[in-house]
Structures are given as structure tokens and as C-alpha cells.
Amino acid sequence: MNRFSFFVGAVSLAAVVLMGCESVPKKPATVVYKYENNGSPVEITVLNTTAKSKEPSSCTVTLCANPTTGYSWSYRLTPDKVIKVTDEKYVQEKKDERTVGAGGKQYYIFTPQKQGIADAILTYTRPWEKTKSDQKIRIKFSIDKNRDIYVQDVILGTDK
């Protein structure tokens, strides 16, 4: 076999392999980030799907909370057209049914709306108090053209 025939065969094989790879659907990529904010765990779970998937990409933020203390989590999105909160809920821990004032988890599910950069600022306050927040979390999201979501930066802290 001469070198030219070998080269043409190798290029043809590479083209077939690359075309075959293009048709294989990507599996969802899940990334979990774990942090601690003033002694409380913070978990950010990102589930990215592909443009071929019917499921939208999403990011779930899990925060410790205890509304019986008067404190609650709130959020602000800037800009608000790049990403939105599609679900939020509080789930009390089930240690003992007779336990009064038990804490739990606050969940926020963020879903990308269009390509761009967005910040989610989450604060844990008592709404009637005029003091600065006890806990504050800033998450910078990057949304690509397929509306997959990526966490670019997380800043934890307080306003105090």
C-alpha cells in the first residue's frame, strides 16, 4: 500500500468516526458545589442537558433555614431576563413530629432563559428588621447559547 492510499484511508476513517460522534447524544452533566456560610452548609447543584434534550438545564440551590425564628431567604436576580426562579420551597427536617421550631432546607430552582451573565443574590433576614442581613450569598451564572447553566463565582458572607 502506498503512502497516498494510506493517507486517504486514514482521513476517511477519521471523518467517519467524527460524524459518528456527532450523532451520539450527550448525557446530562451534573455538578455539585458545596460551601459553608457562617457555619451553615450551602449546596449548589447544576444539571446541564443538551439542546437536543426536552429537559431544560437547571440549578438547584439548597440552603439551611428555620422560618420559626422569623428569618427567611429572599432573592434578587440581575438582570432578571437571563435566569429565573422556576420553583422554590421549604422542607422541614423530619427528626421528630413533636419537635417545635425544627429547621429545614430552603430550595430554589433556577432555570436559564437566554444566553448571558446573571447574578442571584440570596439574603437571610427578618423582613421587619432594618439591620443588614445575617447571611448573604451571591452566585454568578453564565448561560451559553444552548441555555446550559454554569456557576462562574460564589461569594459567601454577611453585610455586617
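The values are calculated or read from the model by the stated rules, or taken from the named source; none is laboratory data. What you are looking at is a predicted structure, and each value in this text was computed from that prediction instead of being measured. No Cβ is skipped: glycine too gets one built from the backbone with ideal geometry, and neighbour counts run over all protein chains shown. Each accessible area value is taken on the protein alone, full model and side chains, heavy atoms only, with ligands, DNA and RNA left out. Shrake-Rupley method; radii C 1.70, N 1.55, O 1.52, S 1.80 Å.
Checking the conditions here, which among GLN135, GLN113 is among the polar types (S, T, N, Q) and under 13 Å from VAL85 (Cα atoms)?
GLN113 is the lone residue from the list that is among the polar types (S, T, N, Q) and under 13 Å from VAL85 (Cα atoms).
Out of THR45, THR50, THR62, THR99, report the one residue that is closer than 26 Å to ILE139 by Cα, among the hydroxyl-bearing types (Ser, Thr, Tyr) and modelled with pLDDT under 80.
THR50
What are the pairs, 6+ residues apart or on separate chains, where a residue within segment 75-97 that is free of Cβ contacts under 8 Å to residues at least 60 places away in the same chain and within 19 Å of LYS114 (Cβ to Cβ) has its Cβ under 9 Å from a residue that is basic (Lys, Arg) and part of a loop (DSSP other than H, G, I, E, B)?
LYS81/LYS114
Hey, among GLU93, GLU36, GLU55, which residue is exposed (fewer than 14 other Cβ atoms within 10 Å of the Cβ), at pLDDT below 90 and under 26 Å from ARG147 (Cβ atoms)?
GLU55 is the lone residue from the list that is exposed (fewer than 14 other Cβ atoms within 10 Å of the Cβ), at pLDDT below 90 and under 26 Å from ARG147 (Cβ atoms).
Kindly list the number of the only condition in (1) basic (Lys, Arg); (2) modelled with pLDDT of 90 or more; (3) open to solvent by 60 Å² or more (accessible area, probe 1.4 Å) that fails for LYS140.
Here LYS140 clears every test but (3).
Which one of these does LYS114 not meet: (1) under 19 Å from the mean Cα position of the chain (by Cα); (2) open to solvent by less than 50 Å² (accessible area, probe 1.4 Å); (3) more than 20 Å from ILE44 (Cβ to Cβ)?
LYS114 satisfies every listed condition except (2).
Taking the stated definitions as given, is THR69 over 21 Å from LEU156 (Cα atoms) and free of Cβ contacts under 8 Å to residues at least 12 places away in the same chain?
no
Which one of the conditions (1) closer than 16 Å to ARG138 by Cα; (2) hydroxyl-bearing (Ser, Thr, Tyr); (3) not in a strand (DSSP E or B) does TYR75 fail to meet, given that it meets all the rest?
Of everything listed in (1) closer than 16 Å to ARG138 by Cα; (2) hydroxyl-bearing (Ser, Thr, Tyr); (3) not in a strand (DSSP E or B), TYR75 misses just condition (3).
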